[in-house]
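Engineer: The following block contains the structure, expressed as structure tokens.
The values are calculated or read from the model by the stated rules, or taken from the named source; none is laboratory data. Here the structure is a predicted model, which is why all the values come from computation and not from measurement. Because the Cβ atoms are built from the backbone with ideal geometry, glycine has one as well, and the counts that use them run over all protein chains shown. Remember, those area values only see protein heavy atoms, side chains included, never the ligands or the DNA or RNA. Shrake-Rupley method; radii C 1.70, N 1.55, O 1.52, S 1.80 Å.
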Amino acid sequence: MNTADVVIVGAGFAGAATAFHLARQGVKNIIVLERERIPGYHASGRNAALGFSSIAAPEAATLAREGLDFIRTEAAALAGRSIFRPCGSLLIASQENTGRDLRAMLPHLDGGSAWWSADEVFRALPILQGANFLGAVWAPQDGVVDIHALLELYLKGATSRGAQVFYCTPVLAITAAQGQTLEVRTPAGSWSCAAVVNAAGAWATEIGRLAGSPLLPLEPRRRHLFVGKPHIQVDPHWPFVWHADVDTYFRPEGDGLLLSPCDATPHPAVEPTTDENSKLLLAEKLERAFPQLADLAIAQAWACLRTFAPDERFVIGPDPEIQGFLWVAGLGGHGMTTSAAVGRLAAAALLGEKSEELGWFSPARLVQRGS
Ligand SMILES: Cc1cc2nc3c(=O)[nH]c(=O)nc-3n(C[C@H](O)[C@H](O)[C@H](O)COP(=O)(O)OP(=O)(O)OC[C@H]3O[C@@H](n4cnc5c(N)ncnc54)[C@H](O)[C@@H]3O)c2cc1C
């Protein structure tokens, strides 16, 4: 039997950022177990890479601001280069009530964010001519992240301080052992440890069940991304643009665009395949939101899972019933941007800290109460 202080299940952003912060806090014997042969094989390596802070929930927006600060400054220093393209973002509203909601977010966003009228948006981004909208939140602090560099940086930061990462190592069982320890079993051996971190993304419910957790299930939802070439010239410096009413977005990717129809189809926790209908959905949404992009030629498509708690809040902290078992899951569509802050919070929870911030994300809220 191997021993560890902490075993982390999953080497996506949740697990890697938690290992990074724990190692920084001086925790030595950290083991990260990843079922796949590389880190970030699922959502963490296949997302849209939008460093996005215009989030309606103030608690998540605060984490996104902290995450973006880390990416712009510390991550750049650790990587020895910028891993961020500061292009800004436009979050568009075409309906009065959406415009009101978006303007209400401004006090929570970084200074420099502003409401732009449709004319101001057209002047900045003429390809939006022909689109029907009232205005947009301009967030100059947002940008596109080198997600593979960010993930590698977390893992390197942890392993350089003694953490070990094992790939092709699926966790098969988690059981309570003697002396308040947990035992984690894999085909490559077992670990006895004081704490297990459930950072298994779409598989977090499965890992929770292995440990005997009573939490309500988290829901994986499939989303498609496409890369395509429109007939108009793409400027790589364009901001990324999200139409809040139609719910679709695009950003420059090479000499083309990366786009999503923002589908959110509940899906079992298995690697999703692409669905042809999502291409039709994208075409229909582009026609409504960004008519100049409607004739786009699709070159590439993939699908991946975002995972949500029933109330769509992140799930960070100790399980209410299983001693030593912690959750860092349900990061939905913001797990990359917020990763540095999520890892900090998870490490704090593991080291026994309590705070109002941790209370908001506490897994205890997800225990089903008898009626
Ligand atoms: C299409 C799409 C676009 C997105 N765009 C953005 C964006 O632009 N900006 C943003 O901030 N966020 C975005 N997100 C969200 C972000 O990608 C996720 O919130 C984040 O990657 C979740 O990280 P995670 O570590 O929780 O999950 P994952 O990346 O899924 O990692 C979980 C890991 O656990 C491993 N695992 C599972 N079961 C086991 C087991 N039994 N044993 C060992 N290992 C196991 C898995 O193999 C996996 O590697 C997007 C997501 C999707 C799907």
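Engineer: Once you keep just the Cα pairs under 8 angstrom separated by 6 or more residues, what percentage relative contact order results for the chain?
Structural biologist: Averaging sequence separation for qualifying contacts and normalising by length gives 24 percent for the chain.
Engineer: Over the chain, with a Gaussian network built from C-alpha contacts below 10 Å, which listed residue (ARG100, ARG344, ARG313) shows the highest mean-square fluctuation?
Structural biologist: Highest fluctuation among the options: ARG100.
Engineer: Just ASN132, ASN97, ASN198 to compare: in a GNM of the chain, with alpha carbon springs under 10 Å, which one fluctuates most?
Structural biologist: ASN97
Engineer: Is the C-alpha gyration tensor of region 96-144 telling us rounded, prolate or oblate? Criteria: a/c under 1.5 is rounded; beyond that, a/b larger than b/c is prolate, otherwise oblate.
Structural biologist: Note, shape of region 96-144 comes out oblate.
Engineer: Next question. Extension gain LEU106-GLU152, at 0.36 nm per residue separation less the Cα-Cα distance, in nm?
Structural biologist: This chain segment gains 13.3 nm when fully extended.
Engineer: In sequence order, what are the phi-derived ³J(HN,Hα) couplings for region 251-256 according to the Karplus relation 6.51 cos²θ - 1.76 cosθ + 1.60 with θ = phi - 60°, rounded to whole Hz, with x for glycine and proline?
Structural biologist: Once rounded to whole Hz, the list reads 8, x, 9, x, 9, x.
Engineer: Also, quick follow-up: Could you tell me whether region 157-285 comes out rounded, prolate or oblate from its Cα gyration tensor? Rule is a ≥ b ≥ c as square roots of the eigenvalues, rounded for a/c under 1.5, then prolate if a/b exceeds b/c, otherwise oblate.
Structural biologist: Prolate shape, in that a/c is at least 1.5 and a/b is the bigger ratio.
Engineer: Roughly how many Å is it from the Cα centre of region 79-133 to that of region 160-200, as a whole number?
Structural biologist: Cα centroid to Cα centroid, the span is 44 Å.
Engineer: With a 1.4 Å probe and every protein chain kept in, tell me what percent of the accessible surface of region 37-106 is carbon plus sulfur.
Structural biologist: 53 percent
Engineer: For Cα pairs less than 8 Å apart in space and 6+ apart in sequence, what is the mean separation divided by the residue count of region 189-260, i.e. the relative contact order in percent?
Structural biologist: 24 percent.
Engineer: Right, here's the next one. Can you tell me the mean projection area, over all orientations, of the convex hull of region 1-110's alpha carbons? Units nm², please.
Structural biologist: Over every viewing direction, the Cα hull of region 1-110 projects on average to 9.6 nm².
Engineer: For the chain, what is the charge dipole size about the Cα centre, in debye to the nearest 20, if Lys and Arg each add +1 at the Cβ and Asp and Glu each add -1 at the Cβ?
Structural biologist: Around 680 debye, computed over the chain.
Engineer: Using a Förster distance of 25 angstrom, determine the FRET efficiency expected from the C-beta separation of ARG46 and ASP119, and round it to 0.05.
Structural biologist: With R0 = 25 Å, the Cβ-Cβ based efficiency is 0.10.
Engineer: Oh, and also: Provide the per residue accessible area, probe 1.4 Å, for the chain, rounded to a whole number of square angstrom.
Structural biologist: 42 Å²
Engineer: Pull out a ≥ b ≥ c, the square roots of the eigenvalues of the alpha-carbon gyration tensor of region 251-371, then state rounded if a/c is under 1.5, prolate if not and a/b is larger than b/c, and oblate in the remaining case.
Structural biologist: Prolate shape, in that a/c is at least 1.5 and a/b is the bigger ratio.
Engineer: Among 14-25, 151-162, what's the highest-first ranking by average C-beta atoms within 10 angstrom per residue?
Structural biologist: Output ranking for 14-25, 151-162: 14-25, 151-162.
Engineer: Sticking with this one: In whole Å, what is the distance between the alpha-carbon centres of region 288-303 and region 341-371?
Structural biologist: 40 Å
Engineer: Shifting gears a bit: Write down the percent of antiparallel bridges among all DSSP beta bridges whose residues are both part of the chain, to the nearest 5.
Structural biologist: 70 percent
Engineer: I've got another one for you. Mind checking which lysines have their Cα closer than 17 Å to the Cα of LYS279? Skip sequence neighbours fewer than 8 apart in that chain.
Structural biologist: LYS229
Engineer: From the backbone phi of region 227-232, what are the Karplus-calculated ³J(HN,Hα) couplings (6.51 cos²θ - 1.76 cosθ + 1.60, θ = phi - 60°) in whole Hz, Gly and Pro given as x?
Structural biologist: Here the 3J(HN,Hα) series is 10, x, 10, x, 7, 8 Hz.
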